Structure formats: structure tokens, C-alpha cells
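Worksheet for the structure shown next.
The values are calculated or read from the model by the stated rules, or taken from the named source; none is laboratory data. Here the structure is a predicted model, which means the values were calculated and not measured. Every residue, glycine as well, gets a Cβ built from its backbone with ideal geometry; the counts of neighbours run over all protein chains shown.
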Amino acid sequence: MTGGETTMRKDAGALTRAARTFRATLALTARDKRHLAVAALLFAAASLLPFSGSGYWLSLGVSIAMFTVLATSWTLFSGPTNYISLATAAFFGVGMYIVAAGLDYLPYPALIVIAAIAGALFAMIVGLATLRISGVYFVIFTLGLAELVRQIVAWAQNVMGASSGLYVLITLPDQTLYWLLLMLAAVVFLVGWLIGRSRLGFALRIIGNDEVVAVHVGINTARAKVVLFVISSTFASITGALLAPRWSYVEPSIAFSPFLTFEVVIMALLGGVHRLWGPLLGVIPFTLLWEFISAKFPAQTTLLLGVSFLLIVYVIPRGVVGLLEDLIGQRRGGSGSAGAGGTPGGLKAMLQWRKRGHA
Amino acid sequence: MSVLIVGLLLGGTYALIAMGLQLQYGVARVMNLAYGEVIVAGAFATFWFFAAAQASPFLSIIGVVPVAFAVNWAVYRVLILPLVRRAKSQGQLDVDSILATFGLSFIFIGILLTVFGGEMLTYSYLARPFVILGEPYALNRIAAFLGSAILCACLYGWLHWTRAGLSLRAVAVNPGAAALVSINVERASAMAFALGGAVSAAGGSLLSMFLTFDASVGVIFTLKALVIVILGGVSDIRGAIVASFVLGLTETFVATFIDPGLTLAAAYMLFIIILLVRPEGLFGRRSS
């Protein structure tokens, strides 16, 4: 009797604690509300693009929205933890392929859900195999992952006697696709914002700062990393599923192209990975630059992409955000240490960010 | 039986590539994701020599090695050394060098595409059968194996019986302590990195005798070399050689009995097994 009562009281205690954490996550200061309002306004403004009537700008808008989702969700995991994931193309391709292969049997919306689940499961397997061990194994594993899945898909198609590609015979107008991607981007930002305020986000920042410390203060580092990797990869799968109708013919070499990963990483780094909205500042200029490069130098795109990547890594290691923050810091007469702005005040000392490039 | 021998021959050729990566990661401590592109560049150069002048791949190695050494030395001095100097920990050096060499790999691919185009390149050298134990094997595979064995032996001898080799091994064990006994760690690291690149280009030359290359396959070789080094234990040459044979055999088995298109899957399978069973590698020492 008493035993039962204690468990009940314990349960109730856990419940109120959970509720309190939840409310703390959602407790908004006036500043937060202002930020949310600004974000909502920006999204509303962005959603008006299809009404401009220009097909060119709309298709550019689709690219920007797509890379915003991919680069921001990449940053959710790789930003705070410093674990560079090179597998965006693998998850993107899984999503795209599920849609292409399943269209004959299931309606499109159901396939998007399946793609999300498959991406999450795949990420969980990869995460559980590699993220329990710290170090570079994770990066190495993700490096060839897209190529591995491509080989397996090509092999499976071969075995089943199918042709090497699949036709995607539904059309999704660019306008609808743009809005869908924009909604997905809003979800990514919202999730990222909530994670940043939660215990999980805090844990990730400590892991990125010093994993040994994280283990010693009692953080289940493996679980935190796997959870975030799964979230980040699921968004890539959904994006792949959404983008499938844009290609009327899907082939392993298209779906699992290594260039996608490269572009995502380059855009995120250009923008800056220590802020949620950082990648956005990389996606927009880089998509425009990419348009320019591929129009002017179609034969040298790979080379020029590589060169711009190195320039970003060496010249602006903290991205556009870092530059902006330094500028603001200088104007305010501060020491320019705005990089720690995302952490709660009293913990700045503990979370001395390893600001790349700032010795 | 024939699968076994083909696998061993392939593994022997991989051993050279693995030793090169071990020099770069084990001694210079740089995670180089552009490693496979150097292999592809070696293979392309060999193809080019062969097509232009009918030069034997073994002759072209003599030309490829110094060029690859110089290029890799320059890469280390210009790109990697600033990262080594600004890094406060090995973890940060890993992050920085991964990003830098990831970008570098695309630059290499871009250069290869510009110079050689995007086609699959292959040529026919020593494509004659050679009979071992009553069964025929391609002579070019055997020649590549022997070439790799000779180069591996030279490298091993150099590392173990010369003063310069000794200093490289000292840096591999402990860079801080190596500096205390007046070894120029930066020079030794640059040397190891450049030598690793030269070795891998030579490996590419040998592999090109029997494999087909195009500009985009570098990542596969990077991954295979990394899997071998992880399987063998990062700082153990014996481990790398054993692991090369393991990968060569596994790959040949998969290619023969399942599908030749799944060689990377074989490497990944080994990778997962190591990660789950023995993350420190076959001969590696378990860290605390």
C-alpha cells in the first residue's frame, strides 16, 4: 500500500518536474516574443515569392528553401557537437528513392511519412554504430555512406531486374513545392530553437566544448548525439522525398550525388554554424554564386567549388555570422567575443566556445 | 582457391596505400579526406604516360613519385601547417583538417576533370594469363602485387633502419617528447605527409594496371584506406598489412559470390564489425 503510494508520489513528482522543464523551455521573455514575431514576419514575406510571377526566381527560391532546410538541419547536429556529418546526400537520396520506388503502390503524402521514418531509422542505426565512440570514426563512416547506399540500391535494382532508374510520374508545381519547403524550413527553425533552449541543446554544447567534461557531469553523450543526428537526418530524408517529383527520372547517381553534401556543408560553414539562423546567411549568397559559377564556368564548377570551400574554411572560419558579430562587437567597443551570445550568462566561462580561428 | 589468391594479390596492393595513409594519419596526425584523389591522380598519370609513350607503369612510378611528393609537401606546408599551429587539441585539428581536406578533394577532382575529362580510363598492360598451381591469373595483378611488396619493404626498411625513419617513428609515438630530443616535429610531419602522398600515388599507378578509374572514385579509395588503417590499429604497420589482406580477401569474396559492384559494402561491413567489436584495431592498444 505505502509502496504503491510512494511510486505514485514519485510519478507525480516526475510529472511536475517534466511539466516544469517544459514550461521553462516555453517560458518566453519579451525578447523571445519579439524574435518569434520577426521570424514569423520574415516567413510570411518569403511565402509571397510565388506571386512575383517569375518562374526563374521561383525556381531559385525552391533551391534556396531546399538548402535552407538541409543546411540548417545539418547545423542542428554538426554545429554544437563539431561532429562533421558528410552523409546528407545519403539521407536525402533515401527519401527521394522511397518516393520514386513507392509511387506505384502508395499515395505521395504517405510516402513522405515513410521516407521520414526510414531516414530516422537509418540515422539511428548509423548513429548507434558510430556515435558511441568519440573521435573521427563518425566522419569517416559518413564520408562513404552515400556511395555505399548508391552501390546497394544499384545492386538491388540489378538483382530485381529493374532498369537503373525510376520514373517519377507525378507533378508538383514549383509553387506548391516552394511552400512545402518553406513550411519544412519553419519546422526546422522551430525545432532548432526549442532544442537550443532545452537540456538537450545545453548538453550538446557541452559535448562540443569538451566531451570528457560532458561525460563527467553525467550527460548521456551517446544518447544526446544519436537523438540529434536522427532529427537532423530525418529532415534531409523529408527534403529528398519532397524534391523527388522535381526530377521526372531518378537514378542512383542523381539521388546520391556527393555534391549535395558538399554544397550543404559549404553553405552552412559560409553562414556560420554557431547560430540557428547562420546557415541561412550562407545559403542565399551561395545559391546565387553557384548560379553564376555554373552559368559562366560550366566545366570548372567542381574546381571553383573546392576553391571557395577552402577560402571559407581559412578566411572566414566562423562564417558570415562571425563577421557580423565581430563588426557589432567592435562598434559597441566590446572585445568582439560575441560568439558566446547563444549561451546563458552565468555559464559562459564553462562553455568557452572553441571559436575556430580565434586563438 | 583462385578467389583466395586473387584476394591476397589485391590485399598486397592495398597494403601500400594503407602504409601511405598511416604515415599521414599516424605520424603527421592529419586526417586527409583527399587521400583517394591522390591515388586517382597517380593512376591517371600512369594512364597518360602509357597512352602517350607506351611507357611501362613501373617506369611512370619513377616520374609520379617525386611529383606527388612535392605536391603533398606543398599541401602540408601551405594548407595543413597553419591548421596544426592554430589547433589547441587533436580534436580540433581533426575537425579543421577534415574540412580543409574535404574541400581539397573537390579541388583535386576539379583539376582531374579539367585535365583528363570525366571518362573511365583504362589500359591494357601485361593482360596475359600466368599460371599458379594449375590456374591462370592476370599477370598485371601479380606484377602490381610484386611492385607493392618491393615498395612496402623499402619503406619499412627506411622507417626502421635509418635515422630519418627513426625520427618519424618517434613523432608517431609522441610529438611532444620527440621535440624534446631535438627532432624537428614540423619537418618530420611534413616529410611523413609528403611521403604518404607519394606512396599513395605509386599505389594508384600499380592499381591502374588492373582497375578502371574515373575522376570521382577517389572517395572509395579514401574510405578503403581508412578502413584498413582503423582495422589494423592507427600506429602499427604490421596491423595495416594484415588488415590489407583481410580487406582484399573480403572484397574478392563479395565480388565473386555476390556482386562486383558491392566492394564498398564489403569495406563497410568490416568497418562496422571493427566498430562494434574492437574499435582500437587488431593490433592497437586499448586506451584507458
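Can you pull out the residues in region B:246-266 that are surrounded by fewer than 17 Cβ atoms within 10 Å (Cβ to Cβ) and either modelled with pLDDT of 85 or more or touching a Gly at 6+ places or on another chain (Cβ under 9 Å) (or both)?
Passing the criteria: B:Phe253, B:Thr256, B:Phe257, B:Ile258.
What residue, of B:Gly147, B:Gly103, B:Gly165, B:Gly91, is under 30 Å from A:Leu260 (Cβ atoms), part of a helix (DSSP H, G or I), under 21 Å from the mean Cα position of the chain (by Cα) and not aliphatic (A, V, I, L, M)?
Answer to the check: B:Gly103.
Can you confirm whether region A:152-170 contains a residue that is in contact with a Ser or Thr (Cβ under 7 Å, 6 or more places away or on another chain) and not aliphatic (A, V, I, L, M)?
Scanning region A:152-170, I find at least one residue that is in contact with a Ser or Thr (Cβ under 7 Å, 6 or more places away or on another chain) and not aliphatic (A, V, I, L, M), so the answer is yes.
Does region A:78-91 hold any residues that are at pLDDT below 90 and either part of a helix (DSSP H, G or I) or in contact with an Asp or Glu (Cβ under 7 Å, 6 or more places away or on another chain) (or both), and which are they?
The answer is A:Ser78, A:Gly79, A:Pro80, A:Thr81.
Residues are listed down the side, and each one gets a yes or a no for (1) of a type outside the set (Gly, Ala, Ser); (2) within 14 Å of chain B (Cβ to nearest Cβ); (3) part of a helix (DSSP H, G or I); (4) over 27 Å from B:Ser216 (Cβ atoms):
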{"position": "A:Thr287", "(1), (2), (3), (4)": "yes, no, yes, no"}
{"position": "A:Pro298", "(1), (2), (3), (4)": "yes, yes, no, no"}
{"position": "A:Leu303", "(1), (2), (3), (4)": "yes, yes, yes, no"}
{"position": "A:Phe309", "(1), (2), (3), (4)": "yes, yes, yes, no"}
{"position": "A:Pro317", "(1), (2), (3), (4)": "yes, yes, no, yes"}
{"position": "A:Gly322", "(1), (2), (3), (4)": "no, no, yes, yes"}
{"position": "A:Glu325", "(1), (2), (3), (4)": "yes, no, yes, yes"}
{"position": "A:Ile328", "(1), (2), (3), (4)": "yes, no, yes, yes"}
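Restricting to region A:116-138, what's the tally of residues that are closer than 16 Å to B:Val95 by Cα and part of a helix (DSSP H, G or I)?
Counting residues in region A:116-138 that are closer than 16 Å to B:Val95 by Cα and part of a helix (DSSP H, G or I) gives 2.
Going through region B:46-88 one residue at a time, which ones are among the basic types (Lys, Arg) and outside any helix (DSSP H, G or I)?
Residue satisfying the conditions is B:Lys88 alone.
Please go through region A:111-137 and give me each residue that is β-branched (Val, Ile, Thr) and within 17 Å of the chain's Cα centre (by Cα), ordered by number.
Of everything in region A:111-137, those that are β-branched (Val, Ile, Thr) and within 17 Å of the chain's Cα centre (by Cα) turn out to be A:Ile117, A:Val126.
Out of the residues in region B:84-95 meeting the condition of being free of Cβ contacts under 8 Å to residues at least 40 places away in the same chain and more than 7 Å from chain A (Cβ to nearest Cβ), tell me which one is nearest to A:Ser78 (Cα to Cα).
The qualifying residue nearest to A:Ser78 (Cα to Cα) is B:Gly91.
Matching residues to (1) farther than 30 Å from A:Thr176 by Cβ; (2) over 13 Å from the mean Cα position of the chain (by Cα):
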residue: A:Ala214; (1), (2): yes, yes
residue: A:Thr221; (1), (2): yes, yes
residue: A:Lys225; (1), (2): yes, yes
residue: A:Ser232; (1), (2): no, no
residue: A:Ala244; (1), (2): no, yes
residue: A:Ala255; (1), (2): no, yes
residue: A:Pro258; (1), (2): no, yes
residue: A:Met267; (1), (2): no, no
residue: A:Val273; (1), (2): yes, no
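Pick out the one residue from A:Arg197, A:Arg205, A:Arg150 that is under 21 Å from A:Gly102 (Cα atoms) and either of a type in the set (Lys, Arg) or touching a His at 6+ places or on another chain (Cβ under 9 Å) (or both).
A:Arg150
Looking at (1) within 21 Å of B:Val67 (Cα to Cα); (2) within 14 Å of chain A (Cβ to nearest Cβ); (3) in a loop (DSSP other than H, G, I, E, B), find the lone condition where B:Met209 falls short.
Checking B:Met209 against (1) within 21 Å of B:Val67 (Cα to Cα); (2) within 14 Å of chain A (Cβ to nearest Cβ); (3) in a loop (DSSP other than H, G, I, E, B), the one that fails is (2).
Out of the residues in region B:29-72 meeting the condition of being without any contact (Cβ under 8 Å) to a residue 12 or more places away in the chain and more than 15 Å from B:Leu195 (Cα to Cα), tell me which one is surrounded by the fewest Cβ atoms within 10 Å (Cβ to Cβ).
Among those that are without any contact (Cβ under 8 Å) to a residue 12 or more places away in the chain and more than 15 Å from B:Leu195 (Cα to Cα), it is B:Ala52.
Is it the case, given these coordinates, that B:Leu262 is in contact (Cβ under 8 Å) with a residue 40 or more places away in the chain and among the aliphatic types (A, V, I, L, M)?
Taking the combined requirement at face value, the residue does not satisfy it.
Among the residues of region A:255-279 satisfying the criterion of being of a type in the set (Phe, Trp, Tyr) and assigned to a helix (DSSP H, G or I), which is farthest from A:Thr301 (Cα to Cα)?
A:Phe262
Using beta carbons and a limit of 7 Å, which pairs, at least six apart or on different chains, have the first residue in region A:66-77 and within 13 Å of A:Leu180 (Cα to Cα) and the second one in a helix (DSSP H, G or I) and of a type in the set (Phe, Trp, Tyr)?
A:Val69/A:Phe235
Does A:Ile140 meet the test of being under 20 Å from the mean Cα position of the chain (by Cα) and within 14 Å of another protein chain (Cβ to nearest Cβ)?
Taking the combined requirement at face value, the residue satisfies it.
For residues that are β-branched (Val, Ile, Thr) and away from chain A (no Cβ under 14 Å), scanning just region B:220-245, find the one that is surrounded by the fewest Cβ atoms within 10 Å (Cβ to Cβ).
For region B:220-245, the residue satisfying everything is B:Val242.
Contact list please: Cβ distance under 6 Å, first residue in region A:144-163 and more than 10 Å from chain B (Cβ to nearest Cβ), second residue crowded, with 19+ Cβ neighbours inside 10 Å and in a helix (DSSP H, G or I), pairs at least six apart or on different chains.
Qualifying pairs under 6 Å: A:Val153/A:Pro252.
Taking region B:267-288 only, how many residues are crowded, with 19+ Cβ neighbours inside 10 Å, more than 10 Å from chain A (Cβ to nearest Cβ) and assigned to a helix (DSSP H, G or I)?
Going through region B:267-288 one residue at a time, the tally reaches 1.
Could you check, for region A:92-100, whether at least one of its residues is under 13 Å from the mean Cα position of the chain (by Cα), surrounded by 24 or more Cβ atoms within 10 Å (Cβ to Cβ), assigned to a helix (DSSP H, G or I) and within 14 Å of chain B (Cβ to nearest Cβ)?
No, region A:92-100 contains no residue that is under 13 Å from the mean Cα position of the chain (by Cα), surrounded by 24 or more Cβ atoms within 10 Å (Cβ to Cβ), assigned to a helix (DSSP H, G or I) and within 14 Å of chain B (Cβ to nearest Cβ).
Give just the number: which of (1) in contact with a Lys or Arg (Cβ under 7 Å, 6 or more places away or on another chain); (2) of a type outside the set (A, V, I, L, M); (3) surrounded by 17 or more Cβ atoms within 10 Å (Cβ to Cβ) does B:Gln92 not satisfy?
(3)
Check whether at least one residue in region B:211-219 is small (Gly, Ala, Ser), farther than 29 Å from A:Phe256 by Cα and modelled with pLDDT under 90, and report yes or no.
No, region B:211-219 has no match at all.
Which of the residues that make up region A:231-242 are surrounded by 22 or more Cβ atoms within 10 Å (Cβ to Cβ) and either at positive phi or of a type outside the set (Gly, Ala, Ser) (or both)?
Residues satisfying the conditions are A:Thr234, A:Phe235, A:Ile238, A:Thr239, A:Leu242.
When A:Leu166 is evaluated against the numbered criteria (1) within 14 Å of chain B (Cβ to nearest Cβ); (2) closer than 30 Å to A:Ser63 by Cβ, which criterion, by number, is the only one it fails?
Every listed condition holds for A:Leu166 apart from (1).
Go through region B:106-124 and report how many residues are over 19 Å from B:Ala34 (Cβ atoms) and within 21 Å of the chain's Cα centre (by Cα).
Of the residues in region B:106-124, 3 are over 19 Å from B:Ala34 (Cβ atoms) and within 21 Å of the chain's Cα centre (by Cα).
Can you tell me which residue in region B:8-45 is nearest to B:Ala153 (Cα to Cα), limited to those that are touching a Ser or Thr at 6+ places or on another chain (Cβ under 6 Å) and outside any helix (DSSP H, G or I)?
B:Ala28
Go through region A:114-130 and give me each residue that's in contact (Cβ under 8 Å) with a residue 24 or more places away in the chain, at the interface with chain B (Cβ under 10 Å from one of its Cβ atoms) and buried (at least 19 other Cβ atoms within 10 Å of the Cβ).
Passing the criteria: only A:Val126.
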